[in-house]
Every structure is written in C-alpha cells, then in structure tokens.
Amino acid sequence: MITRRNFIEQAGAFATGLLLTETASAHTPPRAPGQPMVDPNTLPPYVDPLPLLARAIPIGTRPHPEHPSQQIPFYRVAMQQMSIKVHRDLPPTRLWGFNGTSPGPLFETRSGEPLLVEWANELPLKHLLPIDYTLHGSGHDVPDVRSVIHLHGGRTPPESDGYPESWVPSGKSTTSFYPNRQAATLLFYHDHSMGTNRLNIYAGLQGLFLIRDAEEDALNLPTGPYELPLLLCDRYLRKDGQLEYPISQIPGKPWVPEVFGNLVLVNGKIMPYHEVEPRPYRLRILNGSNGRFYRLSFTANHSADQDNHLPFHMIGSDQGLLSAPTPLQRVELSPGERTDLVIDFSSYAGQNVELTSDLLRVMQFRVSAKTAKTSPPTAKLPATLRPIDRIPESAAVLTRRLTLDEHLNLADQSMDMMLNNTPWHMPITEKPVLDTTEIWELINLTEDTHPIHLHLVRFQILDRRRIDTGAFLTDRTLKFLGNREPVGPTEAGWKDTVRVPSGTLTRIIVPFRGYPGRYVWHCHILEHEDNEMMRPYEILPTPTPK
Ligand code: C2O
Ligand code: CU
Ligand code: CU
C-alpha cells in the first residue's frame, strides 16, 4: 500500500526542506536556486525580546447591523506586504501582515460587545510563494493574490464568516460583523481564501483575538503584563532572510502534503526571550502552524535532569475555560488549537526557563531574582473555573458518520485528501437544523492525525475508539479494536478543533447554535484544507410551527 509517508519519502521534499526551481512549473515565482537555508543549530537562540502584540484600535463607530440606532466600534485593518526582522542575525524577511505588523494586531473585546472590521486587501498583485494552479479554486482564471478573513472560533453570521469563495482581490475590502455573543476565550483571525490559504497564512496573514467576560474576571487570573498571548508558527527561512515554502517534484503541481518548518516563531520572532518575575503567568497559546503539532513543556536550565519538566496548570482550551485547572507537565497542540496555561515561576527566581516542543526550541523565560515593587499580590488559582455540563448523547437528534480519506493518484503521484470522499464543489450534504444537536462520528482512514475544525459552533468530544480500517475500506463494516476511550480533562471543555487520530472513530457532540446559513468544516492542516479536505455545510433555519 502506498501511504503518504512513503510518498513523502519518494518526493524527498522534507529530508532537506528545500526543493527548488529546477522542477517547478513556469508559473512558480522565480526563486534563487540552491539558496542556502538557515540552519537552526547555528542561529543563536534567545537573542531577541518577545514582541508584545500591538493592539487593534477602532478608528470610529458605525451603526450596529442589527440595531442601526446603536453605534459600535469600527476597525479598519489593511493586509499589506512588509519587511520585518525576525531574528537579530538575519536580514529582514518579506512578510504579509496587517496594519504594519505580522502577526496582525491583537483584538480585545468582551462577550456580547459587537464590533465591525473592514478587512482591506492592500497586498501586491504577485504572490510571495509558489501557487499551485491545479488546486480547486486556484486556477489561472482567478487573481493570484486573493484574501478573505475568518475569525476562527467566532460565532459569526455566515456573511461575515469568511467563506473561502468570498475572497477579494488586491484593492478591495470587505466588512465583517462580529457579535461576540460567546464565552471568554482566545480566538484567532486568518486568511481563508480558496486554494491559497496555506500560502497566505505562511506569509503571515493571522492574528489573535481575545474575548473577556465576567465569569473569567471573577477568577483573578494573572492579567496585564502577567498574561501573554503567544502565537506560535514554524517556518523555513533562506539565508537571505526570505521565507521558503517547500514544493513537490511534480512538474506544474508544487503542492506538498505537509510543511514542518525547522524554526519556531513566537509573535513573529524566532526563538525570542521574555523577562518575567518569579510569580504566576498566564500564557494564551495558539498553534498557528500550517502542519506542525507541538508538544510543549518547560525546563529550568539549572535543572540537572533535562527531562524534569516544570509543572503548570491548563485552565482553558479552544472555547474557553475548563471546569477546573488541570496539572500537567506537557501539553499537545495541533494546528488551530489553543491552550490557556498558568505557570508559576516563583521557584525559579534567577533562572532561565526554556519552552520547547520535544527537541525544538520555542522561547526562553528569564526569571528575575525578585518580583517588581509594582507586582500585584498573586491570587491562588481557584479550585474550579466554571461549570461545564457534559451534553448527554440523548440530546442528539442525528448521528452522521463521516470519513477522512486519502488517495494517491498513481499516474502523477499527486495526493487527494477528502472528507467523506466528497470534493469541495459537490452539493452540500451536511445540513443540521439550527438549535438542534448532532453527533458526528469522524472515521480516520488515513495514516495521520487530522485536526478537524467546524466553523460557527463549539462542541464537546465524546470519545475515541480504534477501528480496523482495512475492514472498513473493504465493505464499510465497523470492526472495533478496542473500547471507547473517553477524553481526559484537557479535552473535556468546549472545543472547536478536534484531533482525529489515524485508525480511530472520534465522536463529537455539536449543538448547532448561532445563525442559519452556509459555513465550512475542514482539516486544519492547511495543506490538506487547500487540497479538498474541506467541505461546506449548511445550517437550516428552525422550522416554524404551523
Ligand atoms: Cu481556523 Cu476554517 O479555520
Ligand atoms: Cu474557523
Ligand atoms: Cu488533515
């Protein structure tokens, strides 16, 4: 059987991390052949301070789209190309970002406080990265540079949600309305353009968006300088400082199935450091990588045993607070997932603490000897955070069985990935009714874990169960190879992205609340999403009683 793993080996794309123009199509932007790559082992770590994200500032107010007599904050955010130093020892990198920064500015609002954003596409006409014109929606009949912004995890009306086909070309803009009628959490905004979303995000089109609420305020969690929003992503860079995005060896089809950069950027800097006090900090972390899964842990430099990781508490996931803090020493994060951690540096005064993902360096915390005079007293972490009622399975009106699939085309060695064996352009098959609850059984027939994300909704993970994929592929019989594995405490809160491991049936229970209309669900490995591992779904209005 030909799997994606040995397909990758055949393509050889990842062993070296670069495959350059010799094999690329005429459409691939010219890149310097053989440009040497930055070697993470020779680039000094922890020489740049962690950038604190700029705040988005409204430029005025506009009428509320639902209640025009009310004025709400109005932001204008322009997508632009810029040059930014991502490391002390590298020349500036051409990136895409928003209002002069990449990642974009941090939005901060409160639950129930609506806002409007005009997303202006002021990007150049030429793309920074190699477009694959064979992908659906990415042909020569559309502009190379197109963009539409989606607020991931937002309960947003369909016309403001950033539907992949609703992109605009350079010189145009769209305005989105974000009602923010949802619990406090860390959301993020990013490009969602059909067929180029992986490239636009790799170029830098993403940013963080915080929602606060009274429930969270009451917990006295670390705030102000003691709360750090951190956007993690991995990249390949060439020695001239420019982004490198790997391409396949298939002429005319540069798409690759996955990208794992060898350098981690935090808020736009490679391996930065941050000076902290010996006290608790709250870290709000997004995995904004195209394909990398992180396994994050903290190590004190003076610790004799490098496997001795610092304890911390996880207090929240994608859609807000967990029911109680969960003690951990390592946290896993797939693309699109967020985690909310409280780590207490008070036992590490005068030491350096490294945040790593397995062997990969992420960032360093330099713990000062004493807390600052101005440092507020630290409140104890509460024993409980908020009630989370588990949804009973009996609440579901429908169970859908949906497969995650992968096929290799032997003719040209290209790869098809799909949801339920159905390409994007086929008629909509998933049509839940507004205000009903469904169970989605996600059956992963592929070799890899896929992080599956549904727009608009928050859901709970029920369980995972190993299945015999061979039996299923033969005649769709479900043969279980184990018992149902319930989720642990870190996955028992509200989620919007779920890891579906290879050879499992992973069940989620989804209340479809919000707005009727057309949304999407997809794998959040961006290369998969751009190559058919995305489907529209439609929420039907609740029937009116006769
Ligand atoms: Cu991060 Cu379609 O989403
Ligand atoms: Cu989303
Ligand atoms: Cu995937």
Which of I59, T504, F312 sits farthest toward the positive end of the charge dipole of the chain, with +1 on the Cβ of Lys and Arg and -1 on the Cβ of Asp and Glu? I59
Rounded to one decimal in Å, the inverse mean reciprocal Cα-Cα distance for the range 55-197, i.e. its Kirkwood radius, is 16.3 Å
Roughly how big is the chain's charge dipole about its Cα centre, with Cβ charges of +1 (Lys, Arg) and -1 (Asp, Glu), in debye to the nearest 20? 880 debye
Picking from L321, V276, Q80, whose Cα lies most toward the positive end of the charge dipole for the chain (charges on Cβ: Lys, Arg +1; Asp, Glu -1)? V276
I'd like to know how the range 195-314 sits against the 2.2 N^0.38 Å rule of thumb: what's its Cα Rg over that expected value? 1.33
Antiparallel as a % of all DSSP beta bridges within the range 205-290, to the nearest 5? 55 percent
Rounded to two decimals, the Rg over Rh value of the range 435-522 from Cα coordinates and the Kirkwood Rh reads 0.99
With 28 Å as the limit, write out which pairs from K253/K479; K126/K269; K85/K370; K85/K126 have Cα-Cα distances beyond it, or answer none. K253/K479; K85/K370
Express as a percent, rounded to the nearest 5, the fraction of DSSP beta bridges in the chain (both residues included) that run antiparallel. 75 percent
I'm checking a number: the convex hull volume of the Cα atoms of the chain, normalised per residue, in Å³. What is it? 169 Å³
Per principal axis, descending, Cα span of the range 137-185 in whole Å: 42, 19, 16
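Net charge near D412, counting Lys/Arg +1 and Asp/Glu -1 over other residues with Cβ under 13 Å of its Cβ?
With Lys, Arg at +1 and Asp, Glu at -1, the neighbours total -1.
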Assuming R0 = 30 Å, can you tell me the calculated FRET efficiency for the pair I388 and T544, based on Cβ-Cβ distance, to the nearest 0.05? 0.40
Note down the magnitude of the dipole of the range 45-140 about its Cα centre, charges +1 on Lys and Arg C-beta and -1 on Asp and Glu C-beta and zero elsewhere, to the nearest 20 debye. 200 debye
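Work through the residues other than G241 whose Cβ is under 12 Å from its Cβ and net out their charges, Lys, Arg +1 and Asp, Glu -1.
Numbers: positive: K85, R88, R94, R235, R238, K239; negative: D89, D240, E244.
Here the charged neighbours net out to +3.
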quick note, the range 237-337, DSSP beta bridge pairs, % antiparallel (nearest 5) is 100 percent
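Counting heavy atoms of the protein chains only and a 1.4 Å probe, report the per residue accessible area for the chain as a whole number of Å².
38 Å²
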Could you tell me which residue out of V148, T384, H425 lies farthest along the dipole of the chain toward its positive end? Charges go on the beta carbon: Lys and Arg +1, Asp and Glu -1, centred on the Cα centre. T384
Globularity index of the range 287-370, i.e. its alpha-carbon radius of gyration over 2.2 N^0.38 Å: 1.13
Debye sum, Cα scatterers, the range 136-231, no solvent: what log₁₀ I/I(0) at q = 0.13, 0.15, 0.18 1/Å? -0.54, -0.68, -0.87
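From the C-alpha gyration tensor of the range 102-144, pull out the three semi-axes of the equivalent ellipsoid (sqrt of 5λ each), sorted largest to smallest, in whole Å.
In descending order the semi-axes read 32, 13, 11 Å.
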What accessible surface, in Å², does a 1.4 Å probe find on E438, ignoring ligands, DNA and RNA and rounding to the nearest 10? 0 Å²
hull vol. (C-alpha, convex hull) per residue for the range 246-319, Å³ -> 159 Å³
Compute, for the range 425-482, the length of the dipole vector about the Cα centre, with Cβ point charges of +1 (Lys, Arg) and -1 (Asp, Glu) only. Units Debye, rounded to 20. 100 debye
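The values are calculated or read from the model by the stated rules, or taken from the named source; none is laboratory data. Since the structure is predicted, the reported quantities are computational estimates derived from the model, not experimental observations. Don't worry about glycine lacking a Cβ; one is built from the backbone with ideal geometry, like all the others, and counts go over all protein chains shown. Keep in mind that these areas ignore ligands, DNA and RNA; they rest on the heavy atoms of the full protein, side chains included. Shrake-Rupley method; radii C 1.70, N 1.55, O 1.52, S 1.80 Å.
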